[in-house]
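Laboratory data are not the source of any read-out in this text; all were calculated from the coordinates shown. What you see is a predicted model, and the numbers here were worked out from it, not measured in a lab. Neighbour counts are summed over all protein chains in view; Cβ atoms, including those assigned to glycine, are modelled from backbone coordinates with ideal geometry.
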Amino acid sequence: MTPTLALTVGLAVLIGVSLGMLGGGGSILAVPLLVYVADLPTKEAIATSLLVVGATSVVGVLPHARANRVRWRTGLIFGFAGMVGAYIGGRLAGFIPAAFLLSGFAVMMLATAVTMIRGRRDTKGRAVPHELPMLRVILDGLVVGLVTGLVGAGGGFLVVPALALLGGLPMPVAVGTSLVVIAMKSFAGLAGYLSSVSIDWNLAAAVTLAAVVGSVAGGRLAGRIPADVLRKSFGWFVVVMGVLVLVQQLPTEPRTDPLLWTGIGVAAAISVALAVLRGRSKVRTQGEPASR
């Protein structure tokens, strides 16, 4: 095993851990890993990531299903609608330049990271639905599937917010249900890509096996670590990854300009500081006794 392959396989474990614990983040990690570490062409990396994430999600859903953290009707309907959108997106991707796809991927990373950092709406006092309305599930599934097929991402990081923020499902249930959707959409998107892209099956098998191991560990850890801590920490990590991927699409001269990286560093530091101050303010507010 070459050092590059060993590093790729080792880091692939994080893909599974992310899917198992958060119900998302697989392609957010897989595409940059396959492009920048395994040195695959962009479209081949996206297609491979769909295979890896799909297979890993099938295994990752098992511990959630045993713990009754899956809404099967919602997940299957969302998944079938997502498969249609993902297949269309995968076919369309063959006609879109690779640089544009990778830029779209980076933008999707930043958008979904903001959603993760902001967190859920307050659901206190509201009944938790057992299943979500069919029409809304179908429409959301088509849109999310199209994005997944085009850029190989946006599965869990769009499905989980849709189920938790809009649908009102508890975070652990949204995570478990999202894995059903991700598996279905990933395989449909892969089918669309296979019409124009070839895959290194040996590399894909090695990365998938490592990710599956990680998903089993992540599924067991789900619920043991505070969901808010995991979600926000991973959200900030995705912000960094998204900025790096986006910067890589710039021409060589501005990309190597120290002023650009200094500006990015300052902006990141300010953002983190504001988030910390906001969190402390929220804690103080919640800790104050009610006025009489």
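Placing unit charges on the Cβ atoms only, positive for Lys and Arg and negative for Asp and Glu, gives the stretch 1-96 a dipole magnitude near 460 debye about its Cα centre. If R0 is 25 Å, what FRET efficiency do you get for Tyr36 and Ala217 from their C-beta distance, rounded to 0.05? Approximately 0.55, to the nearest 0.05. Between the residues Asn202, Ala174, Ala217, the greatest Cα displacement towards the positive end of the dipole of the stretch 3-235, with unit charges on the Cβ of Lys, Arg, Asp and Glu, is found for Ala174. Residues whose amide H falls under 5 Å from that of Leu194, counting only those 5 or more places apart or on a different chain, are absent, with hydrogens built in the peptide plane. In terms of other Cβ atoms within 10 Å, Thr56, Thr4 run from fewest to most in the order Thr4, Thr56. Compared with the direct C-alpha span, the chain from Arg66 to Leu110 gains 12.6 nm at full extension, assuming 0.36 nm per residue. From most to least packed by mean Cβ count within 10 Å, the peptides 98-105, 211-218 give 211-218, 98-105.
Compared with the alpha-carbon gap, the fully stretched path from Arg136 to Ile225 is longer by 29.0 nm at 0.36 nm per residue. For the listed peptides 178-189, 140-151, 236-247, a ranking on the average number of other beta carbons within 10 Å per residue, highest first, reads 178-189, 140-151, 236-247.
Amide H contacts for Gly168 (H built 1.01 Å from N in the peptide plane; partners 5 or more residues away or on another chain; cut-off under 5 Å): none found.
Phi angles across the stretch 195-206 convert, under the Karplus curve 6.51 cos²θ - 1.76 cosθ + 1.60 with θ = phi - 60°, into 3J(HN,Hα) values of 6, 9, 9, 9, 10, 7, 5, 5, 5, 4, 5, 5 Hz, Gly and Pro given as x. Calculated on C-alpha atoms, the gyration radius of the stretch 3-235 divided by its Kirkwood radius gives an Rg/Rh of 0.95.
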